[in-house]
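What follows is a short report on a single structure.
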Amino acid sequence: MLKNLFAVLSFIFILFFCLPLGSLEGAVFSTEKSSGDFIGGKTLKPENYFQIDGVAVSLPSGCNFYDTVELLSAKQVHYFTDGTVENYYFFSEKLPKSEMINGKKVNFHVAVSNGKVTVGSPIIYYGY
């Protein structure tokens, strides 16, 4: 339970530093990543806090995701592009949950498509 609380606080930390004023309204929380159960930030309820597997949010224009990478002391571990979306994968000791991508731990994912930046932790589980 303490680990889940730490995870929730970590996700809020990410959102606070990625969004002006730390608004959670634009976030999408995943609670059962395998079943695709997603909760919008506007409808997140306290009873869902301990079920959160991940969080993703689209950043407003002008918000530099590298500022968050620096705050997290994150190291880039993987990158790929399919021609339309650039995907950056990072790992930070400051974040509790991770996924394995190409044999490496990842817990901060950035997708850039047509100028739109979406960040997620541990990865973006829904489309971007």
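Ordering 91, 80 by the number of other Cβ atoms within 10 Å of each residue's own Cβ, fewest first, gives 80, 91. Radius of gyration (Cα atoms) of the range 50-118, expressed as a multiple of 2.2 N^0.38 Å: 1.11. The slack between residue 85 and residue 114, meaning 0.36 nm per residue of separation minus the straight C-alpha distance, is 9.7 nm. With the cut-off at under 15 Å, measuring from each backbone N in the range 98-128 to a point 7 Å along the Cα-to-Cβ line of residue 51 picks out no residue.
Read the figures in this text as sums done on the coordinates, not as results from a lab. Keep in mind that what you see is a predicted model, and the values were worked out from it rather than measured. In this analysis, Cβ positions are derived from the backbone assuming ideal geometry, glycine residues included, and neighbour counts consider all displayed protein chains.
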